Amino acid sequence: MARFMMIVKATEESEAGALPTKEMIADMSEYNDQLVKAGALLAADGLQTSAKGARVTFSAGRPVVTDGPFAETKELIAGYWVIQVKDRDEALEWARRIPFQDGEVEIRQVFEPSDFPADILPPEDAAREEALREELRKKAQQ
């Protein structure tokens with residue numbers, strides 16, 4: 001199994017704070033229910049506009065905070081799903097079923113501790129990462 005993030009790109013409407021319609025919410029709820037029933041959904045959220053956010057950039061180890069809004073709408077994220085499926089093809093199947101009329105969703109596989117060689121992530125550190133993730137999964141199910 002592999003985890004994928006399906007990243008919903010912002011639009012001018014989402015950045016303007018336009019809320020989805022009642023019908024859109026119903027369609028999205030039905031889609032999310034399908035993900036849950038398939039055992040694929042790990043997380044999903046819509047995000048507030050960038051005007052309510054900030055960016056922290058680092059230069060020479062020093063953090064600099066820049067408050068939103070941000071100009072490049074096409075580079076912004078309006079929401080996301082994290083799903084666990086067998087492979088990229090299955091992630092793309094789910095992405096094709098998103099009930100959007102317009103928009104863009106980017107699919108990215110999440111790194112797993114097993115993706116790193118032992119000289120970068122020693123086995124004991126990988127085991128600690130896995131234990132932490134399992135603890136978070138258990139808390140989310142409560």
- Inter-label distance, nm, simple model (7 Å from Cα along the C-beta direction), GLU13/ALA38: 2.4
- For P(r) over Cα pairs in 5 Å bins from 0, in percent, with candidates (i) 2, 8, 14, 17, 16, 17, 14, 8, 3, 1, 0; (ii) 2, 12, 24, 26, 21, 11, 4, 1, 0; (iii) 2, 10, 20, 25, 24, 14, 5, 0, the value calculated from the shown model is option (i)
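Would you calculate, for the chain, the mean residue ellipticity at 222 nm contributed by helices, counting each DSSP H stretch of 4 or more residues as -39,500 (n - 2.57) and dividing by all residues, to the nearest 500?
About -10500 deg cm²/dmol.
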- Once you have a ≥ b ≥ c as the square roots of the Cα gyration tensor eigenvalues for region 1-78, tell me rounded if a/c is under 1.5, and otherwise prolate or oblate according to whether a/b is larger than b/c. oblate
- Rounded to whole Å², per residue accessible area for region 64-142 with a 1.4 Å probe reads 76
- When the Karplus curve 6.51 cos²θ - 1.76 cosθ + 1.60 is applied with θ = phi - 60°, which whole-Hz ³J(HN,Hα) does each residue of region 125-142 get, with x for Gly and Pro? 6, 4, 5, 5, 4, 4, 5, 4, 4, 5, 4, 5, 4, 5, 5, 5, 7, 6
- Task: Any chance you could check the Cα centroid distance between region 1-42 and region 106-142 for me, in angstrom?
- Result: 25
- Subtracting the Cα-Cα distance of VAL82 and GLU106 from 0.36 nm times their residue separation yields 7.5 nm
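Note down the magnitude of the dipole of the chain about its Cα centre, charges +1 on Lys and Arg C-beta and -1 on Asp and Glu C-beta and zero elsewhere, to the nearest 20 debye.
300
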- Message: Can you find, among GLN101, SER50, GLN141, the residue sitting farthest towards the positive end of the charge dipole of the chain, where Lys and Arg contribute +1 and Asp and Glu -1 at Cβ?
- Response: GLN141
- Message: Can you order the peptides 109-118, 33-42 by their average number of other Cβ atoms within 10 Å per residue, highest first?
- Response: 33-42, 109-118
- Query: Exactly which GluC sites (Glu not before Pro) in region 69-113 are in a DSSP loop and have at most 12 other Cβ atoms within 10 Å?
  - Reply: GLU72, GLU104
- Heavy atoms of THR66 accessible to a 1.4 Å probe, total area in Å² rounded to 10: 60
- Percentage relative contact order, the chain, counting C-alpha pairs under 8 Å, at least six apart: 38
- region 66-117: mean projected area of Cα convex hull, nm²: 6.0
- According to a simple spin-label model (label point 7 Å from Cα along Cα-to-Cβ), what is the distance in nm between GLN48 and GLU72? 2.4
- Message: Could you tell me the calculated FRET efficiency between LEU132 and THR21, based on Cβ-Cβ distance and R0 = 35 angstrom, to the nearest 0.05?
- Response: 0.35
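The values are calculated or read from the model by the stated rules, or taken from the named source; none is laboratory data. As the structure is a computational prediction, the values presented were derived from the model and not from experiment. Every residue, glycine as well, gets a Cβ built from its backbone with ideal geometry; the counts of neighbours run over all protein chains shown. All accessible areas refer to the heavy atoms of the entire protein, side chains included, with ligands and DNA or RNA removed. Shrake-Rupley method; radii C 1.70, N 1.55, O 1.52, S 1.80 Å.
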